[in-house]
1. Within the set of pairs 6 or more residues apart or between chains, which connect a residue that is assigned by TED's automatic domain parsing to the domain that holds residue 131 inside segment 23-44 to a residue that is in a helix (DSSP H, G or I) and modelled with pLDDT of 95 or more with Cβ atoms less than 6 Å apart?
2. Collect the residues in segment 84-114 that are under 21 Å from the mean Cα position of the chain (by Cα) and under 16 Å from residue 177 (Cβ atoms), keeping them in residue-number order.
3. List every residue pair whose Cβ atoms sit under 7 Å apart, with the two residues 6 or more apart in sequence or on different chains, where the first one lies in segment 279-298 and is within 11 Å of residue 203 (Cα to Cα) and the second, anywhere, is at pLDDT below 80.
4. Based on what the data block shows, is residue 88 assigned by TED's automatic domain parsing to the domain that holds residue 342 and under 18 Å from residue 359 (Cα atoms)?
5. Is it fair to say residue 83 is under 21 Å from residue 152 (Cα atoms) and surrounded by 20 or more Cβ atoms within 10 Å (Cβ to Cβ)?
6. Identify the single condition in (1) part of a loop (DSSP other than H, G, I, E, B); (2) in contact (Cβ under 8 Å) with a residue 60 or more places away in the chain; (3) in contact with a helix residue (DSSP H, G or I) (Cβ under 7 Å, 6 or more places away or on another chain) that residue 134 does not satisfy, given that it satisfies every other one.
7. In segment 327-342, which residues are more than 15 Å from residue 365 (Cα to Cα) and touching a helix residue (DSSP H, G or I) at 6+ places or on another chain (Cβ under 9 Å)?
């Protein structure tokens, strides 16, 4: 399996590819694609990403979040939802910003991490270019540098934007800027939360494959029939036809027919039916599944009860512990919310259409906190 080899040999190597002047994201420059593939084959990883994204998103920006902010008709709330998921998966977030000739923001859009790479640094260690391309993983052939799209690093200063527009050959040719938010600003690319347990999603997937193959192909209700050798091909084909007819369409192929090379007069030995049914142990991966689930949850900082709530004793009939776990996850992602919220506030402050009201991610637990305080005062 190619994915197994990718995981087995992968490390987050970030080196400058001198042929393209791009900082490779992983050994083969397709680390984000690998991460997304692993998340898609692991139920625990998928649930963790969903929970973390929801914790970052909160209850959206509210009514002000309905403002449309790009030509695709996406609202602020939709961008926040996409941004939350991108950050939850990769711990990196890329936002494209478009301008008009008045240097006002006219477009805001989230760019998938799988498409963005960072250009080489100058002599002062500054990397001012981002390269967008949709085939870094080489699934559609070799990397075609002619299809690279170059974008400037975000800088809201008017003189900088004016200079970039002039260098591009006018506003119609100007592609805008890209903001890069990440967990570790000292790194070229930040490590995903999944990185330290990157083999665990594959463990979960292998367990699923084993159980599926065991149930479907594990010699269930399979027999082996030994018979005397047939005199002609016609006799052999007729016997197989009759056997298949007796089995019926649902069970056809469940009997393996063997012809004996030795002749015998013993009627009991002329035809023999043996059982080949094998019992597979569907609990073989049970321990590994439990450990994989715990490790992935730890890596994402998601309480296990939010992933597996099958044990009612964990949070009682009232579900109080479940609510506390949700609140704990929400509070643990405060830094990410503040960072994303701050960027959107900055961009909206220079938006070409005035936005009325405060742009703030709504706390879903705020009402509960207010009610608790009211109860304390009344007591």
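1. 32/90; 32/113; 32/114; 33/114; 39/45; 39/46; 39/49; 44/296
2. Here is the first cut: in segment 84-114, the ones under 21 Å from the mean Cα position of the chain (by Cα) are 84-95, 109-114.
Once the filter is applied, which keeps residues that are under 21 Å from the mean Cα position of the chain (by Cα) and under 16 Å from residue 177 (Cβ atoms), segment 84-114 yields 93, 94, 95, 109, 110, 111.
3. From residues that are within 11 Å of residue 203 (Cα to Cα), the pairs are 285/207; 285/210; 288/207; 289/207.
4. Considered against the rule, which asks whether it is assigned by TED's automatic domain parsing to the domain that holds residue 342 and under 18 Å from residue 359 (Cα atoms), residue 88 comes out as no.
5. Details: under 21 Å from residue 152 (Cα atoms): yes; surrounded by 20 or more Cβ atoms within 10 Å (Cβ to Cβ): yes.
Yes.
6. Unmet condition: (2).
7. Filtering segment 327-342 for residues more than 15 Å from residue 365 (Cα to Cα) gives 335-336, 338-342.
336, 339, 340, 341, listed by residue number.
Residues are listed down the side, and each one gets a yes or a no for (1) out of contact with any helix residue (DSSP H, G or I) (no Cβ under 6 Å at 6 or more places or on another chain); (2) at pLDDT 95 or above; (3) surrounded by fewer than 23 Cβ atoms within 10 Å (Cβ to Cβ):
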site	(1), (2), (3)
1	yes, no, yes
6	no, no, yes
11	yes, no, yes
19	yes, no, yes
30	yes, no, yes
45	no, yes, no
50	yes, yes, yes
57	no, yes, no
63	yes, no, yes
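The values are calculated or read from the model by the stated rules, or taken from the named source; none is laboratory data. Just so it is clear, the structure is predicted and the values come from calculations on it, not from any experiment. Because the Cβ atoms are built from the backbone with ideal geometry, glycine has one as well, and the counts that use them run over all protein chains shown.
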